[in-house]
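In what follows, a structure is listed as structure tokens, so that the remarks can point back to it.
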Amino acid sequence: MTILNTAILGLQWGDEGKGKIVNFMAGNFGAACRYQGGHNAGHTLIVNGKKIVLHLLPSSICHKDSLSLIGRGVVISYDALFSEIEEISQHTSGIADRLKISPACVLIQPYHKLVDLYREKSNNQKNIGTTLRGIGPAYEDKVARRAIRVVDTLDEKQLRPLLEETLDFYNFSIEKFFGKEALSLSNLIDENLAFGEKVKPLLADVSMLIKQLNFKEKSVLFEGAQGALLDIDQGTYPFVTSSNCSPSGIAAGAGCGPLDVQNILGVVKAYVTRVGEGPMPTEIHDELGDYIAKTGGEVGATTGRLRRCGWFDAVLMNRIIQTNSIKGLCLTKIDVLDGLDEIKVCKAYADDETDTTFGECMDLDNVKPIYETLTGWKSPTKNLTNFDKFPQEAKDFISYIENICEVPVKIISTGPDSESTVLR
Ligand code: GDP
Ligand code: IMO
Ligand code: MG
């Protein structure tokens, strides 16, 4: 058998339906592996008719014959991890036997959450509209080489001096700038050590585990969180998250070589959504935007915020597909557009000077979308499982996206359940 390690990642601003697709595919893989982000993610699955929202656990977690891996590029809040394990254990048994976590993961500490909150609430800086989970500050510590990692919480002798120094650094800000009471070192040490004991049985060398699975001819699914347009390097900076959500993050965050990812599939909605601040050229500002949000249930799975909605942006997608070795698309939520008279797709940008000059800086503030208007379809695609049954106009819409994005649409999702999926 040939190994086909496959990445499933979002190409837009997150919430493309990655969770559904990973859960749909995971049964055919030895494992699924999260490689970046943290509990800022919200991945929704329907398992046995029940809706499950995962934040940290890979979307394979309900598959009893697959492992679920958390690679070293993920930032972990112990609190969030153990609450989620407890909650999801109501839906599936044996999580502890198949969840494997890298001891090299950086931990999100209570001071990271405070800093995230303080920055977002203060008017001194442009708000990003973060999920307030402490994600950015935790990654800052990683890059500044002062982070506390999972491995540090296994041994008090290792933890104490690290936490002492880092907490000194944070308590200065907490007291002087936030006007709050300093955090207690001894409480933090106790909490971290207690969680360290609890996490011990779940730890594994995830990097080598991937190698071993491949050696046994089992392929691995890499599950992205967020989306390429929120990627710290290629997204709409500074309105991005703090990790590499795109394929470039996989090798670093899962711990494999770049050539160990043989297949990269991008998940895109049939339209676009965004939570939080930042440019979104095709945003729909009238009641049609509200209609799509309502029909698509576009409410943030993590923060409950309303998602902004817009038309499919083929200009951004074409760039992202070309620069990320995307081999095919999973097109989700096409059913949300059922019944619309007209459907637009942004095929080019114009601005006062030249076309498509946004370039690597993703300078999208002043671009003006030029749309192709396609005819909508009257008979529903909702829950269809056979492409032949699709109305011709929906087939035309898919062909248009394939042509303009220059990649095939390999999977079409027509509803939240796994069954509502078309493989081509
Ligand atoms: P993720 O973060 O990429 O995993 O996506 P989310 O779970 O945050 O958001 C996607 C939402 O759309 C969830 O509520 C899914 O249940 C739902 N969903 C996924 N695919 C489809 C689809 O094809 N059609 C419809 N109507 N809903 C879908
Ligand atoms: P999934 O995996 C949509 C957004 C936040 C904010 C920005 C930075 O479910 O697709 P952060 O808390 O990461 O520092 O916030 O990124 N954001 C997401 N938007 N889906 C997500 O995850 C997101 N995770 C972060 O709204 O704009
Ligand atoms: Mg989500």
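The values are calculated or read from the model by the stated rules, or taken from the named source; none is laboratory data. In this text the structure is predicted, and so the values were computed from the model without any measurement. Heads up, the Cβs are rebuilt from the backbone with ideal geometry, glycines too, and the neighbour counts pull from every protein chain shown. For accessibility, only protein heavy atoms count, side chains too; no ligands or nucleic acids. Shrake-Rupley method; radii C 1.70, N 1.55, O 1.52, S 1.80 Å.
Take the conditions open to solvent by 20 Å² or more (accessible area, probe 1.4 Å) and under 28 Å from residue 363 (Cβ atoms) and apply them to residue 207. Does it pass? Let's see the steps before the verdict.
Working: open to solvent by 20 Å² or more (accessible area, probe 1.4 Å): yes; under 28 Å from residue 363 (Cβ atoms): no.
Here the answer is no, as residue 207 does not meet what is asked.
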Test result for residue 238, touching a strand residue (DSSP E or B) at 6+ places or on another chain (Cβ under 6 Å), assigned by TED's automatic domain parsing to the domain that holds residue 43 and not hydrophobic (A, V, I, L, M, F, W, C): no
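Out of 243, 207, which single residue is touching a Gly at 6+ places or on another chain (Cβ under 6 Å) and more than 20 Å from residue 317 (Cα to Cα)?
On the way: 243 fails: more than 20 Å from residue 317 (Cα to Cα).
Selected residue: 207, the only one of 243, 207 that is touching a Gly at 6+ places or on another chain (Cβ under 6 Å) and more than 20 Å from residue 317 (Cα to Cα).
State yes or no: is residue 22 at pLDDT below 95 and either within 16 Å of ligand 2 (Cβ to nearest atom) or in the same structural domain as residue 71 (by TED's automatic domain parsing) (or both)?
For residue 22, the condition - at pLDDT below 95 and either within 16 Å of ligand 2 (Cβ to nearest atom) or in the same structural domain as residue 71 (by TED's automatic domain parsing) (or both) - is not met.
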Matching residues in segment 89-110 - criterion: being open to solvent by 10 Å² or more (accessible area, probe 1.4 Å), over 18 Å from residue 254 (Cβ atoms) and free of Cβ contacts under 8 Å to residues at least 40 places away in the same chain: 89, 90, 93, 94, 97
Hits in segment 191-210 - residues which are under 24 Å from the mean Cα position of the chain (by Cα) and more than 16 Å from residue 73 (Cα to Cα): 199, 202
Test for residue 72: is it charged (D, E, K, R) and touching a Leu at 6+ places or on another chain (Cβ under 6 Å): no
Residue that is surrounded by the fewest Cβ atoms within 10 Å (Cβ to Cβ) [pool: residues in segment 33-65 that are of a type in the set (Gly, Ala, Ser) and over 19 Å from residue 97 (Cα atoms)]: 49
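So that you can scan it fast, the table gives a plain yes or no per residue for (1) open to solvent by less than 50 Å² (accessible area, probe 1.4 Å); (2) hydroxyl-bearing (Ser, Thr, Tyr); (3) within 22 Å of residue 109 (Cβ to Cβ); (4) not in a helix (DSSP H, G or I):
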{"residue": "127", "(1), (2), (3), (4)": "no, no, no, yes"}
{"residue": "131", "(1), (2), (3), (4)": "yes, yes, yes, yes"}
{"residue": "142", "(1), (2), (3), (4)": "no, no, yes, no"}
{"residue": "151", "(1), (2), (3), (4)": "yes, no, yes, no"}
{"residue": "169", "(1), (2), (3), (4)": "no, no, yes, no"}
{"residue": "179", "(1), (2), (3), (4)": "no, no, yes, yes"}
{"residue": "182", "(1), (2), (3), (4)": "yes, no, yes, yes"}
{"residue": "199", "(1), (2), (3), (4)": "yes, no, yes, no"}
{"residue": "235", "(1), (2), (3), (4)": "yes, no, no, yes"}
Of the criteria (1) among the aliphatic types (A, V, I, L, M); (2) assigned to a strand (DSSP E or B); (3) surrounded by fewer than 23 Cβ atoms within 10 Å (Cβ to Cβ); (4) more than 16 Å from ligand 3 (Cβ to nearest atom), which one residue 7 fails: (3)
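Looking at 267, 272, which one is more than 12 Å from ligand 1 (Cβ to nearest atom) and part of a strand (DSSP E or B)?
Numbers: 267 fails: more than 12 Å from ligand 1 (Cβ to nearest atom).
Exactly one of 267, 272 is more than 12 Å from ligand 1 (Cβ to nearest atom) and part of a strand (DSSP E or B), namely 272.
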